[in-house]
Amino acid sequence: MWLIFAFMSAALLGFYDSFKKKALNGNAVIPVLFLNTLFSSLIFLPFILLSFGSFIPEDSSYYVPEAGWDVHKFVLLKSCIVLSSWVLGYFGMKHLPLTIVGPINATRPVMVLVGAFIVFGERLNLWQWSGVMLAVISFFMLSRSGRKEGIDFKHDHWIWMIVGAAVLGAVSGLYDKYLMAMPSEGGVGLNRMLVQSWYNIYQCFMMGAMLMLLWYPHRRSTTPFRWDRGIICVSIFLSAADFIYFYSLSLPGAMISIVSMIRRGSVVVSFLFGAVAFHEKNLRSKVVDLALVLLGMICLYIGSR
């Protein structure tokens, strides 16, 4: 069952990436990201209030339990990791084609796997190593496609922002499994609704501070902010994708390496969106790069079963 939810989360995540690109196109990044965290917080705030007022029963999937600092410190760290990834990812996505960003983000399962290898001492089998190698090859081929559009992977700081966002996203994936796993399995065993609700709220406050301290005083000399309906869609699709993602991780037998891999299948949706909606270039060579990424993900799936 957790596999089905992982695929559902992947589809929603693809629409999230697509609307994010639309919202960022020619727009100020920090206000867009602040509004995304604000709307996401407003989606989950009623669950916190209704749970506090005992209007949602404790056995409900939407119940948010009360917790002290001993729990919230883990959620706050989650917020810092995710927000750092988002800041880098939003700036990078604004300045790069979606058909370049998507395949780079799709290498996150490889990073999660390598992270599990380094941090947890997990051994990789032949199929998993094959997936890692295919991801590396696809990255170099993607740099070749990028050069046709004047993008130098070695010296383009927007590329390095996307790579940094992907690395932090992989760290967040490993941390999620630690948060969701029961203490008997070496985890913390946190309630998924508590994590998702409060980490959005913490991010909203942090982005509010960034908005007032970094963007607002210089708003007249930087890219102006304009309202885009895609901003609301970003929050809706992300909240739905994350809700299903956390639910899948909370189910018995869920494997973070496979869930993370399946979620990166969202690249298919975002790639098609970039081709159809934004009419991006060099699609023929990028399709080959994408095929290698997807083949690597299949190898990871076979090796992780």
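The values are calculated or read from the model by the stated rules, or taken from the named source; none is laboratory data. Please read all numbers here as calculations on a predicted model, not as lab measurements. Virtual Cβ from ideal backbone geometry, glycine too; neighbours counted across all protein chains shown. When the accessible area is computed, the model is the full protein with side chains, heavy atoms only, and any ligands, DNA or RNA have been set aside. Shrake-Rupley method; radii C 1.70, N 1.55, O 1.52, S 1.80 Å.
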Exercise for the section: Considering (1) outside any helix (DSSP H, G or I); (2) among the aromatic types (Phe, Trp, Tyr); (3) in contact (Cβ under 8 Å) with a residue 24 or more places away in the chain, say which one Trp227 fails and leave the rest. Expected result: (3)
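Each row is one residue, and each column tells you yes or no for (1) out of contact with any Asp or Glu (no Cβ under 9 Å at 6 or more places or on another chain); (2) hydroxyl-bearing (Ser, Thr, Tyr).
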position: Trp215; (1), (2): yes, no
position: His218; (1), (2): yes, no
position: Thr222; (1), (2): yes, yes
position: Ile231; (1), (2): yes, no
position: Ser235; (1), (2): yes, yes
position: Leu238; (1), (2): yes, no
position: Phe246; (1), (2): no, no
position: Leu251; (1), (2): yes, no
position: Met255; (1), (2): yes, no
Problem - Failed condition for Leu45, given (1) outside any loop (DSSP other than H, G, I, E, B); (2) within 20 Å of Met180 (Cβ to Cβ); (3) open to solvent by 40 Å² or more (accessible area, probe 1.4 Å); (4) touching a residue at least 12 places away in the same chain (Cβ under 8 Å) - result: (2)
Exercise for the section: Among the candidates Pro57, Pro65, single out the residue that is open to solvent by 60 Å² or more (accessible area, probe 1.4 Å), at pLDDT 90 or above, farther than 30 Å from Lys94 by Cα and not small (Gly, Ala, Ser). Expected result: Pro57
Completion exercise
Cβ pairs under 6 Å, 6+ apart or interchain, first in the range 1-17 and open to solvent by 40 Å² or more (accessible area, probe 1.4 Å), second among the β-branched types (Val, Ile, Thr) and in a helix (DSSP H, G or I), ordered by first then second residue, are Phe5/Ile244; Phe7/Ile262; Met8/Ile244
Exercise for the section: Output the residues belonging to the range 240-284 that are part of a helix (DSSP H, G or I), open to solvent by 20 Å² or more (accessible area, probe 1.4 Å), farther than 30 Å from Phe47 by Cα and not hydrophobic (A, V, I, L, M, F, W, C). Expected result: Arg284
Exercise for the section: Could you give me the residue pairs with C-beta distances under 9 Å whose first residue belongs to the range 55-73 and is touching a residue at least 12 places away in the same chain (Cβ under 8 Å), whose second residue is in a loop (DSSP other than H, G, I, E, B) and of a type in the set (S, T, N, Q) wherever it lies, and which are 6+ apart or on separate chains? Expected result: Tyr63/Asn191; Val64/Asn191; Pro65/Asn191; Ala67/Asn191; Val71/Asn191
Exercise for the section: Kindly indicate whether Tyr199 is open to solvent by 20 Å² or more (accessible area, probe 1.4 Å) and assigned to a helix (DSSP H, G or I). Expected result: no
Practice task
Determine, yes or no, whether Ile236 is assigned to a helix (DSSP H, G or I), out of contact with any helix residue (DSSP H, G or I) (no Cβ under 6 Å at 6 or more places or on another chain), closer than 20 Å to Phe5 by Cβ and in contact (Cβ under 8 Å) with a residue 40 or more places away in the chain.
Solution key: yes
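A quick yes/no check of all residues on (1) within 17 Å of the chain's Cα centre (by Cα); (2) within 30 Å of Ile201 (Cβ to Cβ); (3) among the charged types (D, E, K, R):
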residue: Pro217; (1), (2), (3): no, yes, no
residue: Ser221; (1), (2), (3): no, no, no
residue: Trp227; (1), (2), (3): no, yes, no
residue: Ile258; (1), (2), (3): yes, yes, no
residue: Ser270; (1), (2), (3): yes, yes, no
residue: Leu283; (1), (2), (3): no, no, no
residue: Ala291; (1), (2), (3): no, no, no
Exercise for the section: Give the number of residues within the range 30-58 that are over 19 Å from the mean Cα position of the chain (by Cα) and under 12 Å from Gln203 (Cβ atoms). Expected result: 0
Handout entry: Pick from the range 115-131, criterion part of a helix (DSSP H, G or I) and open to solvent by 50 Å² or more (accessible area, probe 1.4 Å), ranking: modelled with the lowest pLDDT
Key = Val119
Exercise for the section: Take Met207 and decide whether it is over 26 Å from Glu58 (Cβ atoms) and surrounded by 21 or more Cβ atoms within 10 Å (Cβ to Cβ). Expected result: yes
Problem - Test set (1) modelled with pLDDT of 90 or more; (2) open to solvent by less than 50 Å² (accessible area, probe 1.4 Å) - Asp176 fails condition number - result: (1)
Problem - Residue among Val163, Val171, Val136, Val87 that is among the β-branched types (Val, Ile, Thr), at pLDDT 85 or above, assigned to a helix (DSSP H, G or I) and open to solvent by 60 Å² or more (accessible area, probe 1.4 Å) - result: Val171
